[in-house]
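Remarks on the structure that follows.
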Amino acid sequence: MTHIHTAMTRTQTKGHNNMMWLLDSLLAGWLLSLMSGPLGSFIVWRRMAYFGDTLAHSALLGITLGFMFDVQLNIAIVLCAVFVALILASLQRQHFIPSDTLLGLMAHTTLAAGLVTLSLVDSVRIDINAYLFGDLLAVNRQDLITLAIGSALVLLVLSRMWKGLLAASVSEELAQVEGYQVARLRLLFMVLLAVVIAGAMKLVGVLLITALLIIPAAAARPLSQGPKQMAALATIISMLAVAMGLGLSYFFDTPAGPSIVLTSALFFLLSQSGYRLIRPS
């Protein structure tokens, strides 16, 4: 009887631990959704999907430099992403190369630089797949605290700069005429995007960050009647995708990050189908 009772206790403890991990992962994904919903909407409005991809790819270089110089990884990722964003902004003003070509060049160059640098540093041994594809089920309480602080800061800044960012998204020239500091707003948006990428790195990985940003926003767009409604709906869709993706991962033993992205894509298809059914002919 003692052995049976011990076995049952171990099983219950294991189940309790699994449930706690799942709840932590769900909370982490929802905190990320609070940031990615509004920012993803701005990416869709400003047609900056390739720009988001470039910053996401540069995050791997930030991780490598963080390990090399013993800098906290989230800080290293943000600094590297902002540095790349400033280089892009400078090069785009020169107009000597098309923007899409420049973004593709920078995205793959920074990703390759991160991989090569990582292979040259003998003292660094990391699971590269975890950073490429993420591991949402491996989040800890420190990650939750970092995400909570990041979400609060991003939402606070967005609430204060919403009108300016929205005006610049419609037309930077008109926004400048109305008195908004367009260059400052552009830099602010880049920093916010870098913060979200740093937070999302461990959760969904380098290759899937942009998908988590733009797919819920794209799904919300045809169902929304205004910018704020679209940002709110994108956040809700992202949170639902996180919950359903984690459920798929838990019950079918699939990767959490890709499961969340596929669930987001399903919401996008449903929103497009629903829009075609209800729109006036």
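The values are calculated or read from the model by the stated rules, or taken from the named source; none is laboratory data. Nothing here was measured: the structure is a model prediction, and the numbers come from that model. Here Cβ is always computed from backbone atoms with ideal geometry, including for glycine, and neighbour counts include all displayed protein chains. Surface accessibility is based on the protein's heavy atoms, side chains included, excluding ligands, DNA and RNA. Shrake-Rupley method; radii C 1.70, N 1.55, O 1.52, S 1.80 Å.
When a/c reaches 1.5 or more, the comparison of a/b and b/c decides; with that in mind, is the stretch 138-267 rounded, prolate or oblate per its Cα gyration tensor?
Verdict is prolate for the stretch 138-267.
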Q.
Just to be sure I understand the model, the point goes 7 Å from the Cα along the line to the Cβ. What's the resulting Glu173 to Ile145 distance in nm?
A. 5.0 nm
Q | Distance from the stretch 25-98 to the stretch 226-262 (C-alpha centre basis), Å | A | 20 Å
Q: Kindly sort Lys202, Lys228 by accessible area of their heavy atoms, largest first, with the probe set to 1.4 Å.
A: Lys228, Lys202
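If a/c stays under 1.5 just call it rounded; otherwise compare a/b with b/c (prolate if a/b is bigger, oblate if not). Do that for the chain, with a ≥ b ≥ c from the square roots of the Cα gyration tensor eigenvalues. Could you put the intermediate results ahead of the total?
Values: a/c = 2.06, a/b = 1.32, b/c = 1.56.
Oblate, since a/c reaches 1.5 and b/c is not below a/b.
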Q | Amide H contacts under 5 Å for Gly134, placed H, 5+ residues apart | A | Gly205, Val206
